[in-house]
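Scroll down for the structure; my scribbles are underneath it.
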Amino acid sequence: MLDTASGEFDHTWPDVLPNGKGVLFTIRFSAKNGAKGRTSYAIAVADIPSGKHRVIVDDAMYARYATSGHLLYVTANKTLMVVPFDQNSMKVAGEPTALSEGMRLGLLGGSADLAVSATGTLVYATGAGQGKQELVWVTRDGRAQAVDPEWPSDYLGSPALSPDGKWLAVARVANAEPLNIWIKRLDRGPSIKLTLDGNANFGPAWTPDGRSVTFSSALLATGATDLWTERADGGAPPAMQLHEKRNLYNAGWSPDGKWLIVRTDVASPGSGDILAIRPGIDTVPVPVVATTFTELSPALSPNGRWLAYVSNETGEDEIYVVPFPNSGAGKWAISAGAGTEPLWSHRGRELFYRAASGDLVAVEIHTQPRFSLGRSTALFPAAGFTSLRFGPQYAVAPDDRRFLMIRAGTPDKLIVVENWFEELRAKSRR
């Protein structure tokens, strides 16, 4: 159980000891209780079966037990450490030693790319720098140019361009702070942070007038996720936009501002459905595409008449289009052989998506005299840019000639050490 009195608000990354007496895991402390006012981590061990736990290593994360009788973990400054550990007493039994610096940390708090086999093979990933991510403009032929090299980020997600294309709303982590929505003047202008204290904020969508941003906000203590809307200049407190029993993601407005589109949690009943509500008119959202399969990533066309989305009804994710709001009046398959992250061109004549190959694909769309598909073109290889099944990790420029994408700032190395136990024994004999 969380020891909230000590500032614990998450327990993650469990690793059961081979003797079954305990579980190693990572504690995440809130920024209020963490070191230097920031989110911090510690390694703990919980007794089986009582569940009582205690911290065994401070300022550390992602512990993994090695059958040589050691504990592997990563420090807050990204150093891979090893320390003798007695699994019977469940106590550290010696002094720690540094193995490698510059470890690559995961996007989810307290994680790292680290594993060790029972026979002594060690594998871990490092980043040449801080593993920063950056925004880049990418042309239709794949040429990339950094947006603002002076705006480094630990994590970027779900970029959204304002209707005039001059402002960016993006989920961002910087300086080990929680996930927040940031508003930035493009390309190299100022930025501000929109935030709800104690929440993780993500998935921004601009209102049609370009004055406000609607986003998902999750309570860190419970994970309950609602939609909020806040003025993009931060000039007024955020307002609750929509609350449901199910968590809400992928907010999007119709061009006339009458409809708000949203997706429910894949872990909730329906396995992820697409709903719509007319704020000020409807009291509850109505299902638009709601089946026993998973529906993701809703995207309304510029004229508000067509809805693109992802469904796994064939057994793999594919892109479909239905009329909106009367979604039962037709249905067209867009992708061929898997697709995610659909976005419309601003003229409504193309639909972009990420193919299974990693390519960014453009499909010509005709709506007169009836809906039909034209040529499909793979624009450029996009596997080197951030991708996510649940929602677009890129945005389309107003002229439809460029794409705002997310790129890792430095390449990572994957390091494999064979016979690592032998190496440990040799060092201990010195």
Apply the Karplus curve 6.51 cos²θ - 1.76 cosθ + 1.60, θ = phi - 60°, to the phi angles in region 206-218 and return the couplings in whole Hz, x for Gly and Pro.
6, 6, x, 7, x, 9, 9, 10, 9, 8, 7, 9, 10
Given a 1.4 Å probe and heavy atoms of the protein chains only, how would you sort Val416, Val116, Val147, largest accessible area at the top?
Val416, Val116, Val147
At 1.4 Å probe size, put Asp412, Asp15 in order of accessible surface, largest to smallest.
Asp412, Asp15
Using label points projected 7 Å from each Cα along Cα→Cβ, tell me how many nm separate Asn19 and Arg140, to one decimal.
6.6
Can you tell me how much longer the chain between Thr291 and Ala336 gets when fully stretched, taken as 0.36 nm per residue apart minus their C-alpha distance, in nm with one decimal?
14.1 nm
What number in nm² do you get for the chain if you take the convex hull of its Cα atoms and divide its surface by four?
23.1
For region 278-304 versus region 237-258, the gap between their alpha-carbon centres in whole angstrom:
11
Less than 19 Å apart at the alpha-carbon level, and either on another chain or at least 8 residues along: which aspartates and glutamates does that give for Lys245?
Asp226, Asp265, Asp273, Asp282, Glu295
For Lys52, give me every one of the aspartates and glutamates with a C-alpha distance below 19 angstrom, ignoring sequence neighbours fewer than eight places off in its own chain.
Asp3, Glu8, Asp10, Asp15, Asp86
Can you work out the FRET efficiency for the pair His346 and Ala267, with r the C-beta to C-beta distance and R0 = 25 Å, to the nearest 0.05?
0.15
With a Förster radius of 41 Å, plug the Cβ-Cβ distance of Ala118 and Ser191 into 1/(1 + (r/R0)^6) and report the FRET value to the nearest 0.05.
0.30
Area accessible to solvent at Ile48, 1.4 Å probe radius, in Å²
80
Order Phe403, Phe293 by their accessible area, 1.4 angstrom probe, all chains in place, largest first.
Phe293, Phe403
Would you check the accessible area of Arg64, probe 1.4 Å, heavy atoms only, in square angstrom rounded to 10?
40
Can you pull the accessible area of Phe324 for me, 1.4 Å probe, Å² to the nearest 10?
20
Note down the magnitude of the dipole of the chain about its Cα centre, charges +1 on Lys and Arg C-beta and -1 on Asp and Glu C-beta and zero elsewhere, to the nearest 20 debye.
420
For Asp399 and Arg211, compute 0.36 nm times the residue count separating them, minus their Cα-Cα distance, and round to one decimal in nm.
65.6 nm
Of all accessible surface on the chain at a 1.4 Å probe, what whole percent is carbon and sulfur?
51
What angle do you read, to the nearest 10 degrees and between 0 and 90, between the alpha-carbon axis of helix 420-429 and the longest principal axis of the chain?
30
Given 0.36 nm per residue, what is the gain on full extension from Ser428 to Ala174 after removing their alpha carbon distance, in nm?
87.5 nm
Cα-Cα over 27 Å: which of Lys132/Lys184; Lys132/Lys258; Lys91/Lys427; Lys166/Lys258?
Lys132/Lys258
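Rounded to the nearest 0.05, what FRET efficiency do Asn419 and Asn88 have when you use their Cβ-Cβ distance and R0 = 30 Å? Could you put the intermediate results ahead of the total?
Values: r = 26 Å, r/R0 = 0.86.
With R0 = 30 Å, the Cβ-Cβ based efficiency is 0.70.
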Which value in deg cm²/dmol, rounded to the nearest 500, describes the helix-derived mean residue ellipticity at 222 nm for the chain, given -39,500 (n - 2.57) per DSSP H run of n ≥ 4 and division by the residue count?
-500 deg cm²/dmol
Heavy-atom accessible area per residue, the chain, 1.4 Å probe: how many Å²?
47
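The values are calculated or read from the model by the stated rules, or taken from the named source; none is laboratory data. Predicted, not measured: the structure shown is a model, and the values here were computed from it. Neighbour counts are summed over all protein chains in view; Cβ atoms, including those assigned to glycine, are modelled from backbone coordinates with ideal geometry. Ligands, DNA and RNA are stripped out before the accessible areas are found, and what is left, the full protein with its side chains, is counted by its heavy atoms. Shrake-Rupley method; radii C 1.70, N 1.55, O 1.52, S 1.80 Å.
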